[in-house]
Amino acid sequence: MFDGFQRILEQIRGAIFETAVQPALYAFGLMDWSEDLFDGIEFALYGALAVGLAYILFRPLELWRPVESWGERKPVRTDVTYTLIHRIGVVPAILFVVLAPIGAAIDSYLRLKGYIPAEIEQLVTPLYDHPFATFLVYMAVLDFGEYWRHRLQHRLSWWWALHSVHHDQRQMTLWSDDRNHIIDDVLAMMWSGTLAILIGVPPGEYPLVLIGFRLIESLAHTNVRLGFGRIGSRLLVGPQYHRTHHSIEHAAPPFNRPRGCNFAVILPVWDMIFGTCRRELAYPRTGVASLVGPAVRCGYLRHQWEGLRRLWAALVHIADRRRPGFVAAFPAE
């Protein structure tokens, strides 16, 4: 199944390269870049596929039973910009140019030291005959890692400074999943990519794993009155479940910002096991109560700058706390 899907994408990539990229490279005398750009098309192609599928599948849900309707949708348009840049533009380029070589270097180092990640099929031999079940196992293991990455984003003050950009949004839609500071996105990719290397996810399947994650995350942010019921809400993160995580009111004890609730990306079981599950039947307003003003409603570049400003303020505060004689104005996290 996966092989056939990848062959189709390879044909599309070849067609794009031959009809659009290669002629441009030849015209500007940049044919030395042809091999690199041919490989780089794959990253943008997978991103475009995830965006297209999310829009086709989830936009009708928002039109069907929206939680909220807004007359002015500038923040939503900013989220669309985030999605296009972070799935098709800048972030895939960073992934290709910087993180892919780093990942290859980590993999080579581990193998040089004698660590060769065992494939899941070697540990659970019946999976050899069930590639889709193997795919789901990889997603479950990576989801466990994503749960803890998400908790750290809320627990560490410097990381929250970046992640708070994601929580600014008070008009949450299927596009809001990508409303992340670019540094936050790069850190998240490094986290999941390293874990994928450590557990031996085949390179050819990893992009498909990412698409699976992206689709479920887009669904979770969708502006739709949709819950999965008493049983379903324990099996898969949905819009109602994740909306509580984004709720302005979710800071009420014991679910304050550092502790938080509903961190799970795909499987709510992690929240249930580690005591961070909060179930609500309502569809609360989203955002962060302490974040107001133009920074919440601004465009992409200003929002990115706002994330850097918050990060710098957090780092300065951390440095001040370590100075002798510093007295905190509020309790440490």
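The table that follows gives values for the structure above.
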read-out	value
Positions within the range 130-147 being assigned to a helix (DSSP H, G or I) and without any contact (Cβ under 8 Å) to a residue 60 or more places away in the chain, in sequence order	A133, T134, L136, V137, V141, G145
Selection from the range 41-60 of residues that are basic (K, R) and free of Cβ contacts under 8 Å to residues at least 60 places away in the same chain	none
Test: R87 is part of a helix (DSSP H, G or I), among the charged types (D, E, K, R), crowded, with 17+ Cβ neighbours inside 10 Å and at pLDDT 75 or above	yes
Sole exception among (1) of a type in the set (S, T, N, Q); (2) touching an Asp or Glu at 6+ places or on another chain (Cβ under 7 Å); (3) modelled with pLDDT under 75 for S34, by number	(2)
Every residue from the range 278-330 that is modelled with pLDDT under 85, basic (K, R) and part of a helix (DSSP H, G or I)	R297, R321
Subset of the range 168-204 [within 20 Å of S108 (Cβ to Cβ), touching a Pro at 6+ places or on another chain (Cβ under 9 Å) and either of a type outside the set (A, V, I, L, M, F, W, C) or free of Cβ contacts under 8 Å to residues at least 40 places away in the same chain (or both)]	G200
Matching helices (runs of 4 or more DSSP H) fully within the range 148-245 where at least 1 residues are within 24 Å of H303 (Cα to Cα)	157-167, 182-198, 206-221, 239-245
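The values are calculated or read from the model by the stated rules, or taken from the named source; none is laboratory data. Given the structure is predicted, the values throughout are model-derived calculations rather than measurements. In this analysis, Cβ positions are derived from the backbone assuming ideal geometry, glycine residues included, and neighbour counts consider all displayed protein chains.
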